[in-house]
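Have a look at the structure below before the remarks.
The values are calculated or read from the model by the stated rules, or taken from the named source; none is laboratory data. Every value quoted in this text rests on a predicted model; they were computed, and no experiment measured them. FYI the Cβ positions are ideal-geometry reconstructions off the backbone, even for glycines, and counts take in every protein chain you see. SASA here: full protein model, heavy atoms, side chains in, ligands and nucleic acids out. Shrake-Rupley method; radii C 1.70, N 1.55, O 1.52, S 1.80 Å.
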Amino acid sequence: MTRHRFPALDGLRVLAALAMLTAQVALHSDAGALSGLLSRLDVGAAVFCAISGFLLYRPHVVAWFEGTTPPLTLPYLRNRALRIVPVLWVAVLLAVVLLHSADWLTYLQHATLTQVYFEGEPAAGLTQLWRLSAIAAFYVLLPALAKLLTGYERPTRRSVRWRLSVLAALTVVGPAWLTVMTATHHPNAGLWLPGYIGWFAVGMGLALWQVARSTGRLGASALDILTKIPGTVWGIAAALLLLAATPLAGPYDLATATPGQAAVKSLLYTAIAACVLFPALAPSERTAQYLGGRPARLASNLTYGVFAYQVVALTLLARISTQFVFLFATTLVASIGLAAASFYTMERPLAGVRSGGSGAGRTAPSPSPQALQASRPGGRPDTPGPA
């Protein structure tokens with residue numbers, strides 16, 4: 001099975017990681033009048049989830065279209081564990097040694113990404129890991145979800161549209177879940193995967209659309225027009241972010257939102273993730289140059305480490321000063337340093353252990369030449385290409 005590279009996703013990863021770090025710093029510093037807008041940059045988490053949904057679901061879609069074997073579950077889960085667990089354990093160890101603000105059971109919960117399923121405050125330096133808990137839950141769910149969506153009929157135009165409708169429906173599960181959990185005063189349950197499944201569904205839907213469109217299973221639509229005006233789509237994302245920075249999306253700090261505010265914020269973040277990711281799937285030459293160039297590729301290698309270690313660094317540096325510019329600059333430098341050390345001493349060697357077919361890398365399987373030929377005039381667009 002051939003591989004297709006989406007170079008612009010490198011740059012999106014970097015921008016999403018930078019956005020999340022900025023939001024964390026704004027939450028812990030004196031950001032002044034910009035605190036509201038800066039705090040909403042945690043939308044980078046939604047972009048990360050959409051990218052993961054796209055890259056991890058796409059191999060299942062390609063296998064469905066080609067009539068070949070989808071990624072095997074056990075190797076896939078092993079590779080996902082090798083990708084996230086070692087860095088996670090180092091982050092927890094750093095929090096234990098440098099901050100030591102919780103008991104051993106709390107740290108054990110964080111090390112197993114089960115802290116969101118228990119009552120109690122998160123450990124200092126690890127408060128961002130609830131997002132990784134949701135991501136890990138998605139990793140575990142994906143094989144079964146992909147089987148349900150691709151395992152029971154041929155990829156005809158009708159079946160593709162039906163599955164796109166199912167994935168679109170998943171985008172409202174998060175707002176509904178968060179509304180109920182907020183209304184019933186279950187804040188921990190609001191951190192579980194159902195509250196964020198729509199972010200992953202955005203990427204999954206775009207993966208299905210991209211493969212179906214490239215093989216002729218779907219005809220031209222308004223989405224094809226949008227691929228030619230990426231600036232407009234990203235402009236819409238910026239406008240939605242400004243809307244999210246209003247009180248409509250709830251408080252800027254960790255105060256409890258109303259059920260309506262929680263739903264609005266979730267819907268806005270889902271739409272922003274879709275608008276940010278979509279133009280990167282078929283980028284212009286200039287977009288690919290900026291988002292997929294060598295600097296972006298190198299920086300994208302550090303994004304997970306920056307995410308994992310940033311709050312440990314931030315918590316320590318906030319003891320010196322909570323002035324935003326100081327805290328942002330020093331946290332960024334410290335996080336990059338820790339992430340680089342982690343990548344070159346641990347993550348890159350482990351990447352050689354993982355098989356190449358099931359990670360959230362920057363390449364994804366492409367339809368075979370036979371499948372592409374079947375989609376051309378005279379071919380059979382409603383049947384999968386030969387294996």
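Once the Cα atoms of helix 259-277 and of the chain are each reduced to a long axis, what angle between those two axes, in degrees from 0 to 90 to the nearest 10, is obtained?
Long axis of 259-277 versus the principal axis of the chain: about 60 degrees.
What FRET efficiency comes out for the pair S321/A183, r = Cβ-Cβ distance, R0 = 45 Å, nearest 0.05? Spell out each step's value before the answer.
On the way: r = 39 Å, r/R0 = 0.87.
After rounding to 0.05, the efficiency reads 0.70.
GNM on the chain, C-alpha springs below 10 Å: top fluctuator among F307, F118, F324?
F118
Going by alpha carbons, how many degrees (0 to 90, nearest 10) lie between the helix axis of 303-317 and the longest principal axis of the chain?
Rounded to the nearest ten degrees, it is 10.
Among (i) 31.4; (ii) 18.6; (iii) 17.5, which one is mean projected area of the Cα convex hull in nm² computed from these coordinates?
Of the listed options (i) 31.4; (ii) 18.6; (iii) 17.5, (ii) comes from this structure.
Which distance in nm do the two modelled labels at L298 and L242 give, with both placed 7 Å along the Cα-to-Cβ direction?
Between L298 and L242, the simple spin-label model gives 3.6 nm.
Can you give the accessible area of K147 in Å² (nearest 10), computed on protein heavy atoms with a 1.4 Å probe?
Solvent-accessible area, nearest 10 Å²: 110 Å².
Which one, A262, L281, A63, is farthest towards the positive end of the dipole of the chain when Lys and Arg carry +1 and Asp and Glu -1 on their Cβ?
A63
Express the carbon and sulfur contribution to the solvent-accessible surface of the chain as a percent, rounded to the nearest whole number, probe 1.4 angstrom. Show your work: numbers first, answer last.
Numbers: 11700 of 17120 Å².
Of the solvent-accessible surface of the chain, carbon and sulfur hold 68 percent.
I want to verify a result. In a Gaussian network model of the chain, Cα cutoff 10 Å, which of these has the top mean-square fluctuation: A263, A81, A176?
Checking each option, the largest mean-square fluctuation is seen for A81.
Between Y290 and L105, what is 0.36 nm times their sequence separation minus the Cα-Cα distance? Round to one decimal in nm. Display every interim value, and only then the final one.
On the way: separation 185, 0.36 × 185 = 66.60 nm, distance 4.47 nm.
Extending this stretch completely gives an extra 62.1 nm.
What FRET efficiency comes out for the pair L141/L93, r = Cβ-Cβ distance, R0 = 30 Å, nearest 0.05?
0.60
To the nearest 0.05, how large is the calculated FRET efficiency for L34 and S221 if R₀ is 45 Å and r is the Cβ-Cβ distance?
That pair, L34 with S221, gives E of 0.75.
Less than 12 Å Cβ to Cβ from S39, Lys/Arg counted +1 and Asp/Glu -1: what total charge do the surrounding residues give?
Once positives and negatives cancel, what remains is 0.
Could you give me D for the range 110-214, from Stokes-Einstein at 37 °C and 0.692 mPa s, where the hydrodynamic radius is the Kirkwood radius over C-alpha pairs? Units µm² s⁻¹, please.
In µm²/s, the coefficient rounds to 215.
Dipole of the range 1-155 (Lys/Arg Cβ +1, Asp/Glu Cβ -1, origin at the Cα centre): which of A23, T73, Y152 lies farthest to the positive side?
Ranked along the dipole, the leading option is Y152.
What residues qualify as long-range amide H neighbours of A245, i.e. H under 5 Å apart, gap of 5 or more or another chain, H built at 1.01 Å from N?
For A245, whose amide H was placed from the backbone, there are no distant partners under 5 Å.
Convert each backbone phi in the range 176-188 into a coupling constant with the Karplus relation 6.51 cos²θ - 1.76 cosθ + 1.60 (shift: θ = phi - 60°), then list the ³J(HN,Hα) values in order as whole Hz, x for Gly and Pro.
Values per residue, Gly and Pro as x: 5, 4, 5, 4, 5, 5, 5, 5, 9, 6, 10, x, 5 Hz.
Residues with amide H under 5 Å of H4's amide H, sequence separation 5 or more or different chain, H placed in the peptide plane at 1.01 Å from N; which?
Under 5 Å from the amide H of H4: A364, S366.
Find, among the chymotrypsin sites (Phe, Trp or Tyr not before Pro) in the range 20-89, those assigned to loop by DSSP (not H, G, I, E, B) with at most 10 other beta-carbon atoms within 10 angstrom.
Hits after loop and neighbour filter: nothing returned.
Treat every Asp and Glu Cβ in the range 170-312 as -1 and every Lys and Arg Cβ as +1, leave all other atoms uncharged, and give the resulting dipole magnitude about the Cα centre to the nearest 20 debye.
340 debye
Quote the relative contact order of the chain in percent (integer), defining contacts as alpha-carbon pairs under 8 Å separated by 6+ residues.
35 percent
Between the helical axis of 230-244 and the dominant principal axis of the chain, each derived from Cα atoms, what acute angle in degrees is found, rounded to the nearest 10?
Approximately 40 degrees, to the nearest ten.
In the range 144-250, what chymotrypsin sites (Phe, Trp or Tyr not before Pro) fall in a loop by DSSP, with at most 12 other Cβ atoms inside 10 Å?
Listed in order of number, the matching sites are Y152.
Let a ≥ b ≥ c be the square roots of the eigenvalues of the Cα gyration tensor of the range 262-312; is it rounded (a/c under 1.5), or, if not, prolate (a/b larger than b/c) or oblate? Could the numbers behind the result be given before it?
Details: a/c = 4.41, a/b = 1.13, b/c = 3.92.
Here the range 262-312 falls in the oblate category.
Only four residue types carry charge here, +1 at the Cβ of Lys and Arg and -1 at the Cβ of Asp and Glu. Report the dipole size of the range 257-360 about the Cα centre in Debye, rounded to the nearest 20.
With only Lys, Arg, Asp and Glu charged at Cβ, the dipole is about 80 debye.
Give, rounded to the nearest 20 debye, the magnitude of the charge dipole that the range 57-187 has about its Cα centre when Lys and Arg contribute +1 at Cβ and Asp and Glu contribute -1 at Cβ.
820 debye
If a paramagnetic tag sat 7 Å from the Cα of A341 along the Cα-Cβ line, which residues of the range 101-122 would have the backbone N under 20 Å from that point?
In the range 101-122, the label zone of A341 (backbone N under 20 Å from the point 7 Å along Cα→Cβ) covers 101.
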